[in-house]
Amino acid sequence: MNIYDEIDEFTKKLENSPECMRFKTAQQKIDAVPEMKEKVEAYLREQAMTQARQAMGMPLSQEEIEKFNQKTRELLTIPEVAEFFQAQMAIMPVLKTLAERIAGAVGFDSSVFNGVLGNITGA
């Protein structure tokens, strides 16, 4: 079996894992309601910009932090959104571990993934 066959076999297993199935189901529920999808996407864009600012050493004011936290609390009152974020948090450690192990196997510095996966998993 060649490496690509092994990758295909593994991704099928990953796709059927409880974490992945939970995430896909939660994502489908978000995608089914355009208004909810737009709210989540807008929130994720704002979250990414906020994290980028912090990574560049640009402090957030207390007002900005509270405003963002209020948006978070409001979004989490929507059961489908809360489940989506919980499912996202459950799958991210799996993806981070996978990226680290692949990087280690080929001798690649896995720290480059910290900006991609580390912010979400807390690494």
Considering residues that are closer than 14 Å to P79 by Cα and of a type in the set (S, T, N, Q), the number found within the stretch 1-58 is 3
Requiring at least 2 residues that are touching a residue at least 24 places away in the same chain (Cβ under 8 Å), the helices (runs of 4 or more DSSP H) wholly within the stretch 1-82 are 18-31, 34-55, 62-76
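Any read-out appearing in this document is the output of simple, stated calculations on the displayed coordinates, not a laboratory observation. Worth saying up front: this structure is predicted, and the values here are computed from it rather than measured. Reconstructed Cβ throughout: ideal geometry from the backbone, glycine too, with neighbour counts over all protein chains shown.
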